[in-house]
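To start, the structure itself, in structure tokens.
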Amino acid sequence: MNGITKYSVLLIVFAWAAIGLFIYLANAQSLTPNNSFDPIDVRDGAGLYKKQLANGNAAYLQLIDLRKTQIDQLIGETEEIGEGQGLYYRGANQYRNPFFKRKLFSEVADSYVKTYTERVFSIINCAFFEQYQPATQLSFPVKINGQVIAGGNSPYGPIEQPKDPRYKNIRLKALVWDDRRAYVTDYDPQTGKPLSETEVKNAIVTYKYSDHPAKILANDRTNRYHVMATLDRDGNGGDELLAIITVNKATLEESANLLRELGAPGDIIAIDGGTSVYLFNSKVGNIMLPQSGNGGTRELPHYLGFRTRLIQKED
């Protein structure tokens, strides 16, 4: 009996180990893109991959599992915060859109790595901004940890007299996320929705990639861009993955197509690009740096940092 009992226990242990391995491989598979992307840095909950494009250009893909990876909004200091519950209020005298200090990319990266050490995965630049003085206003609303910190200040936003008439009624998009999933939805400049909703803790407002001024006004010239989409890879409903494509020289349409090839079913958005593009990975180091000169700057007001979550969330 003792032999049989020991044998049975071993079978049970083996079965549980096999189940654990299956779950691990299934999770790993969820962070594996198609074969055209080569892995650079892959860990439980985050992956960085590279695809060689034509003429020596490259695209970098990040897959971020929000149940396992924390997204931190890294922002420059300000003396005040925004008002209006996320309303778009450029030119509305009853509200003040605050100025945020622009911070050098290396200062942001050094501080982030010093704070979170080996848990850091990557850093990118994020929100659009308008002015190039030491402090700047953000172009569109941002919400951090339950607090709206800015409204909108872009002349290419939903205002009465934008710089181009095609932007008077622009439908901006909001990327919303928590510690389980992310989604992209329409942003309402009159109500501030979804930033005005109390359950929304972190969100940025930005362009659908096809409404970006570089595409509408500049005929989609090649440039450096970040584009984003959300993906459901576990089949349980809800998009638990944030997919980010960063290109060093491509059009917005080409960049968006790379996300479509990964199966992105919904809206694809663009964040601040061009000379501002920044991509840092803790294994590789700086991959793309913000550029100075010709209106560009290496000091930016808003970044996103990605780090391994200590307590992972399971649905």
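If a residue has to be more than 18 Å from residue 80 (Cα to Cα) and either of a type in the set (A, V, I, L, M) or assigned to a helix (DSSP H, G or I) (or both) to count, how many in the stretch 139-159 make the cut? Give the steps one after another, and end with the answer.
In the first step, residues of the stretch 139-159 are kept if they are more than 18 Å from residue 80 (Cα to Cα); the result is 154-159.
Going one step further and asking which of them are either of a type in the set (A, V, I, L, M) or assigned to a helix (DSSP H, G or I) (or both), we end up with 159.
Summing the residues that are more than 18 Å from residue 80 (Cα to Cα) and either of a type in the set (A, V, I, L, M) or assigned to a helix (DSSP H, G or I) (or both) in the stretch 139-159 gives 1.
Here are some residues: 131, 137. Which one is without any contact (Cβ under 8 Å) to a residue 40 or more places away in the chain and either of a type outside the set (D, E, K, R) or closer than 30 Å to residue 310 by Cα (or both)? If you could, list the steps in order and put the result at the bottom.
Working: 137 fails: without any contact (Cβ under 8 Å) to a residue 40 or more places away in the chain.
Testing whether each residue is without any contact (Cβ under 8 Å) to a residue 40 or more places away in the chain and either of a type outside the set (D, E, K, R) or closer than 30 Å to residue 310 by Cα (or both) leaves just 131.
Name the one entry in 285, 305, 296 that is more than 20 Å from residue 120 (Cβ to Cβ) and either touching a Ser or Thr at 6+ places or on another chain (Cβ under 7 Å) or not hydroxyl-bearing (Ser, Thr, Tyr) (or both). If you could, list the steps in order and put the result at the bottom.
Numbers: 285 fails: more than 20 Å from residue 120 (Cβ to Cβ); 305 fails: more than 20 Å from residue 120 (Cβ to Cβ).
Answer to the check: 296.
I'd like to verify a number: residues in the stretch 248-272 that are crowded, with 21+ Cβ neighbours inside 10 Å, within 22 Å of residue 174 (Cβ to Cβ) and in contact (Cβ under 8 Å) with a residue 60 or more places away in the chain, how many?
6
Hey, can you tell me all the residues within the stretch 160-205 that are over 17 Å from residue 138 (Cβ atoms) and of a type in the set (Lys, Arg)?
Within the stretch 160-205, 163, 166, 168, 171, 180, 181, 193, 201 qualify.
Residue under question is residue 111, and the condition is that it be hydroxyl-bearing (Ser, Thr, Tyr) and either over 25 Å from residue 297 (Cα atoms) or without any contact (Cβ under 8 Å) to a residue 60 or more places away in the chain (or both); does it hold? Write out each step before concluding.
On the way: hydroxyl-bearing (Ser, Thr, Tyr): yes; either over 25 Å from residue 297 (Cα atoms) or without any contact (Cβ under 8 Å) to a residue 60 or more places away in the chain (or both): yes.
In short, yes.
For residue 206, work out the one condition from (1) farther than 23 Å from residue 158 by Cα; (2) at pLDDT 95 or above it doesn't fulfil.
Tallying (1) farther than 23 Å from residue 158 by Cα; (2) at pLDDT 95 or above, residue 206 fails exactly one: (1).
For residue 180, all conditions in the list (1) closer than 17 Å to residue 128 by Cα; (2) surrounded by fewer than 16 Cβ atoms within 10 Å (Cβ to Cβ) hold save one; what is the number of the exception?
(1)
Anything in the stretch 115-138 that is assigned to a loop (DSSP other than H, G, I, E, B) and under 16 Å from the mean Cα position of the chain (by Cα)? List them, or say none. Explain how you work it out, then say what you get.
The initial filter retains those residues of the stretch 115-138 that are assigned to a loop (DSSP other than H, G, I, E, B), namely 126-128, 130-134, 137.
Matches in the stretch 115-138: 126, 127, 128.
Of everything in the stretch 237-247 that's of a type outside the set (A, V, I, L, M) and closer than 21 Å to residue 179 by Cα, which residue is surrounded by the fewest Cβ atoms within 10 Å (Cβ to Cβ)? Don't jump to the end; show me each part of the working.
The first filter runs over the stretch 237-247 and keeps only residues of a type outside the set (A, V, I, L, M), leaving 237-240, 246.
Those left that are additionally closer than 21 Å to residue 179 by Cα: 237-240.
Details: 237: 9, 238: 13, 239: 22, 240: 22.
Across the stretch 237-247, the extreme among qualifying residues is 237.
Here is a check on your reading of the model: is residue 277 surrounded by 22 or more Cβ atoms within 10 Å (Cβ to Cβ) and modelled with pLDDT of 95 or more?
On the way: surrounded by 22 or more Cβ atoms within 10 Å (Cβ to Cβ): yes; modelled with pLDDT of 95 or more: yes.
Answer is yes for this residue.
Suppose the filter is under 27 Å from residue 153 (Cα atoms) and crowded, with 22+ Cβ neighbours inside 10 Å; does residue 214 pass it? Before the answer, list the steps.
On the way: under 27 Å from residue 153 (Cα atoms): yes; crowded, with 22+ Cβ neighbours inside 10 Å: no.
Answer is no for this residue.
When you go through 248, 236 one by one, which is the residue that is over 20 Å from residue 187 (Cα atoms) and assigned to a strand (DSSP E or B)? Step through it out loud before you land on a result.
Values: 236 fails: assigned to a strand (DSSP E or B).
After applying the criteria, what remains is 248.
Among all residue pairs at least 6 apart or on different chains, which show Cβ distances below 7 Å where the first residue, located in the stretch 192-216, is among the charged types (D, E, K, R) and the second is in a strand (DSSP E or B)?
Here the result reads 208/173; 208/269, each pair linking the stretch 192-216 to a residue that is in a strand (DSSP E or B).
Residue check, residue 168 against (1) closer than 24 Å to residue 268 by Cα; (2) in contact (Cβ under 8 Å) with a residue 40 or more places away in the chain; (3) surrounded by fewer than 16 Cβ atoms within 10 Å (Cβ to Cβ), all met but one. Which one?
(2)
Pick out, from the stretch 36-114, the strands (runs of 3 or more DSSP E) lying fully within it that include 3 or more residues that are farther than 20 Å from residue 204 by Cβ and not hydrophobic (A, V, I, L, M, F, W, C).
Details: elements: 38-43, 46-52, 58-65, 69-75.
Fully inside the stretch 36-114 and qualifying: 38-43, 46-52.
What is the residue count in the stretch 271-304 for residues that are over 18 Å from residue 207 (Cα atoms) and of a type in the set (Gly, Ala, Ser)?
Of the residues in that region, 6 qualify.
The values are calculated or read from the model by the stated rules, or taken from the named source; none is laboratory data. For clarity, every value in this text was computed on a predicted model and none was experimentally measured. A quick note on method: Cβ atoms are made from the backbone with ideal geometry, for glycine too, and the neighbour counts reach across all protein chains shown.
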